[in-house]
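The values are calculated or read from the model by the stated rules, or taken from the named source; none is laboratory data. Source: prediction; values computed, not measured. Positions of Cβ are backbone-derived with ideal geometry, glycine not excepted, and every protein chain shown enters the neighbour counts. What goes into the accessible areas is simple: the full protein's heavy atoms, side chains included, and nothing from ligands, DNA or RNA. Shrake-Rupley method; radii C 1.70, N 1.55, O 1.52, S 1.80 Å.
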Amino acid sequence: MGIISLNHIMVNYRIKDESLAQDGKNRIDWAEEHMPVLVSLKDKYCNIKPLTGIRVSGCLHVTKETGVLIRTLKSSGADVSWCGCNPLSTQDDVAASIAIDERVSIYASKGVSTDQYYHDINSATKIRPNITIDDGADLTVEIHKFIDDFTSELYGGTEETTTGVIRLRALQKVGKLMYPIIAVNDAETKHDFDNVYGTGQSALDGIIRATNILFSGKNVIVAGYGHVGKGISKKAAGLGANVTVTEVDPISALKAKLDGFTVTTMKQASSFGDIFITTTGCKDVIGKEDINELKDGAILANAGHFNVEIAVSELEQQSSSKIQINENIMRYDLNHKKIYLIGEGRLVNLVAAEGHPSEVMDMSFANQFMSVLKLAESKGSLSPLVYNIPREQDQEIALAKLRSMNVDIDILTQEQEAYLNGFSQGT
Ligand code: ADE
């Protein structure tokens, strides 16, 4: 715990180690170098400070990329408080820099208990936010429990993930969503890049950092063929693995098949998989029966949002002993076989690696920042619904990203536009 005062502003924080701040600052600087779209927004708004007087509470993985988002919010005038959105994903050096260098009230450290996790979320709401930024909807759902304390000042919130948007749409469906949410995840410049290329690379990065295993020649089983599953399957195949996909949705299964992957049930796949990666957002995807079928030495990892996809409690129950192989691998000794679980079944890309590369978080967080600006402008006038990102915002971000990569694209002529918008010209 710590409190520092700057110009009479008190900054409270709960971080692991203040002495890590310089390392964290260096890494946030590195990320900033690779996030040109977000930095261009920071430069655009640092003088006019459109978020002056706006209080923002964020609950999102404390990574170097999130550090750049926090810097952008702060330099646009916002008062910011923050907490992690996963007990194992906080980068402690980054948390230290956010507290000490950015003077942001942050409550986060790697390896917290569930109680501490929710305590941190509640600490981050103490500034009485006008706007929330969420990743997985834990903050938003928590605020809904005490909504009477907040509603008059809440303009709205944003949600980063597929899982969080599903939860919040479910809340809306039963008529219980109490403040407007912008579904950042549903922007094309978010889920078509972050979920596909970001998780595709960072999930394998996590498994490789934890195990140093050779993917080439291995049977890799990817559960789920949504954006995340697609990205992981493609990258694993690129490393020379034999990729098998399991699915419950016939259309997604068909896509996987026509993309060249073997498609089968988890029951079948559990007997021949070397490495399993869950990406579904559903629970018990590798359940009791599947665990029974697993072969000796199978490695299990989860890249979906919550730690419910692999039935870890079954592993615990069925094993006679377990041994921590390294920080991120637990070996479970079951009847005549050993099963390896990475990162306790939590998000492998953030627990065992550093999350998505800065270049993709650039677009996700540009969407976050622009959504915060919209909510600040709305001053609470939006109805309590889940909103999509406007197409123009998506296109603006995509164009800015292309420009940062020195990529030119064609522009429609007037005649072409008229043709595309008309009906009269046929065969
Ligand atoms: N989610 C996945 N990767 C991330 C990152 N690098 N920063 C914040 N949130 C993330």
Who wins for biggest fluctuation among E247, E153, E359 in a Gaussian network model of the chain, springs between alpha carbons below 10 Å? E153
Pairs K42/K374; K234/K322; K173/K283: which are spaced more than 23 Å apart, C-alpha to C-alpha? K234/K322
Candidate residues W82, W30: accessible-area rank, largest first, probe 1.4 Å: W30, W82
Cα principal axis extents for the stretch 1-95, largest first, Å: 34, 33, 23
Taking the Cα centre of the stretch 231-367 as origin, work out the dipole magnitude from +1 charges on Lys and Arg Cβ and -1 charges on Asp and Glu Cβ, in debye rounded to 20. 260
Base-10 log of normalised Debye intensity for the stretch 315-385 (one unit scatterer per alpha-carbon) at q = 0.16 Å⁻¹: -0.70
Does a label point 7 Å from the Cα of N335, set along Cα-to-beta-carbon, have any residues of the stretch 277-311 with amide nitrogen under 19 Å, and which are they? 287-298, 311
Roughly how many Å is it from the Cα centre of the stretch 235-255 to that of the stretch 149-211, as a whole number? 23
Between the stretch 262-305 and the stretch 84-114, the Cα center-to-center distance that results, in Å: 32
Apply the Karplus parameterisation 6.51 cos²θ - 1.76 cosθ + 1.60, with θ equal to phi minus 60°, to every residue of the stretch 23-28 and state each ³J(HN,Hα) to the nearest whole Hz, in sequence, with x for glycine and proline. 4, x, 4, 4, 6, 5
The percentage of the accessible area of the chain (probe 1.4 Å, all protein chains present) made up of carbon and sulfur atoms, to the nearest whole number, is 52
Value at 222 nm in deg cm²/dmol, rounded to 500, when DSSP H runs of n ≥ 4 in the chain each add -39,500 (n - 2.57): -12000 deg cm²/dmol
Solvent-accessible ranking of H336, H119, largest area first, probe 1.4 Å: H336, H119
Students often check this: by mean Cβ neighbours within 10 Å, which of 388-394, 137-143 ranks highest, and how do the rest follow? 137-143, 388-394
Once you have the Kirkwood Rh of the stretch 77-222 from its Cα pairs, apply Stokes-Einstein at 4 °C and 1.567 mPa s and quote D in µm²/s. 75
Surpassing 28 Å at the alpha-carbon level, of the pairs K49/K230; K230/K267; K74/K230, are K49/K230; K74/K230
Toy charge model, Lys and Arg Cβ at +1, Asp and Glu Cβ at -1: the stretch 183-230 dipole around Cα centroid in debye, rounded to 20, equals 280
Counting Lys +1, Arg +1, Asp -1, Glu -1, what net charge surrounds M330 among other residues with beta carbon under 15 Å of its beta carbon? 0
How big is the dipole moment of the stretch 28-103 about its Cα centre under a simple scheme where the beta carbon of each Lys and Arg is +1, that of each Asp and Glu is -1, and everything else is neutral? Debye, nearest 20, please. 380
Would you report the distance distribution of C-alpha pairs in the stretch 227-347 as whole percents per 5 angstrom bin, up to the bin with the largest distance? 2, 11, 22, 25, 20, 12, 5, 2, 0
Largest first, please: the extent of the C-alpha atoms of the chain along each principal axis, to the nearest Å. 72, 64, 44
If you roll a 1.4 Å probe over the heavy atoms of the protein chains, what accessible area per residue do you get for the stretch 20-163, in Å²? 33
Please label the shape of the stretch 22-68 as rounded, prolate or oblate, based on the square roots a ≥ b ≥ c of the eigenvalues of the alpha-carbon gyration tensor (a/c under 1.5 means rounded; beyond that, a/b larger than b/c means prolate, else oblate). oblate
